[in-house]
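To start, the structure itself, in structure tokens.
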Amino acid sequence: MNRKIFTMSFDDGTVQDRRFIELIDKYCLRATFNLNSGFFGNKHFITHEGIKVNHDEVTADEVKTLYCNHEIAVHTVHHPNLIKCSDAEVVAEVSDDFQKLTELSGKEITGMAYPCGGHCYDDRVIRLITENTPIRYARTTDSHHTFALPDDFMKWHPTCHQNDSQLFDSAEKFINAEATEKDLLFYLWGHSFEFDKFGSWGKFEEFCNLISGRRDITYMTCGETYRYLTGKAGKENRTGQ
Ligand SMILES: [Zn+2]
């Protein structure tokens, strides 16, 4: 039996995650939050794509409760471009974040999102992470606008960004699609501070209303999706032998 899966992955752990989680909990949606343990409690504004926006980070002591219905994943300790880091720095940025987030949340952590957007990972970075840390999946920011499953979980490309002009079209297509031949995955990514940046909280609630509460859609975190898809692939391989 194939599934239609909807999942979300949001980066940077800013204070807007509080409002975002309240919203998605209201619609029983699930998400993964990629956090930088080196920045908890920081207060600052950033200029993102030319727009000034509050980028205060959540505090370490709220991590366990705030994200309790969702998945926590690595986004490195200090958000560097990993391509520019030495081998030792790549491993430390990922494994130290993993350790800190595991301690704070008490949850199992298996995934990450690469910091710094596109072109911020390469074969060396992937090899260092898979050989030296427990991280088994990593999200990119390269939207493909389809419901395809990942070929490589360490290059897990999402469907689209929260502010994508095709967001509602993609949602309608997903709602009308049938998972007859294989599982379908709608994978949304973004940053909760961007709802402030674009003034798009209301629009996003319309999206939540549209995508949620559907009997033929399964709402999962990225880690749950990873475990479901790899578990299923393992079973199919075994029956094929
Ligand atoms: Zn980030």
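Since every read-out is calculated from the coordinates, none of them should be taken as a lab result. For clarity, every value in this text was computed on a predicted model and none was experimentally measured. Heads up, the Cβs are rebuilt from the backbone with ideal geometry, glycines too, and the neighbour counts pull from every protein chain shown.
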Label-point separation, Asn176 to Glu236 (7 Å along Cα→Cβ), nm: 2.6
Under a 5 Å amide H to amide H cut-off, with H placed in plane at 1.01 Å, what residues pair with Ser192 once short-range neighbours are removed? Asp11, Thr14
Of His44, Thr65, Asn81, farthest towards positive along the dipole that unit charges on Lys, Arg, Asp, Glu beta carbons give the chain: Thr65
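Pull out a ≥ b ≥ c, the square roots of the eigenvalues of the alpha-carbon gyration tensor of region 93-200, then state rounded if a/c is under 1.5, prolate if not and a/b is larger than b/c, and oblate in the remaining case.
prolate
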Taking the chain as a whole, which cysteines find no other cysteine Cβ under 4.7 angstrom from their Cβ? Cys28, Cys68, Cys85, Cys160, Cys208, Cys222
Would you tally the net charge around Leu184, using a Cβ to Cβ cut-off of less than 14 Å, leaving Leu184 out, and scoring K and R as +1, D and E as -1? +1
How many percent of DSSP beta bridges within region 4-240 run antiparallel, rounded to 5? 15
With each run of n ≥ 4 DSSP H residues scored as -39500 (n - 2.57), what mean residue ellipticity at 222 nm is computed for the chain after dividing by its residue count and rounding to the nearest 500 deg cm²/dmol? -11500 deg cm²/dmol
Looking at Met154, Phe195, Gly213, which one has the Cα that reaches farthest to the positive end of the dipole of region 4-240 (charges on Cβ: Lys, Arg +1; Asp, Glu -1)? Gly213
Any GluC sites (Glu not before Pro) in region 27-94 that lie in a DSSP loop and have at most 12 other Cβ atoms within 10 Å would be Glu49
Listed by chain and number, the residues whose amide H is under 5 Å from that of Ala73, excluding neighbours fewer than 5 places away on the same chain and using placed H, are Phe33, Asn34, Leu35
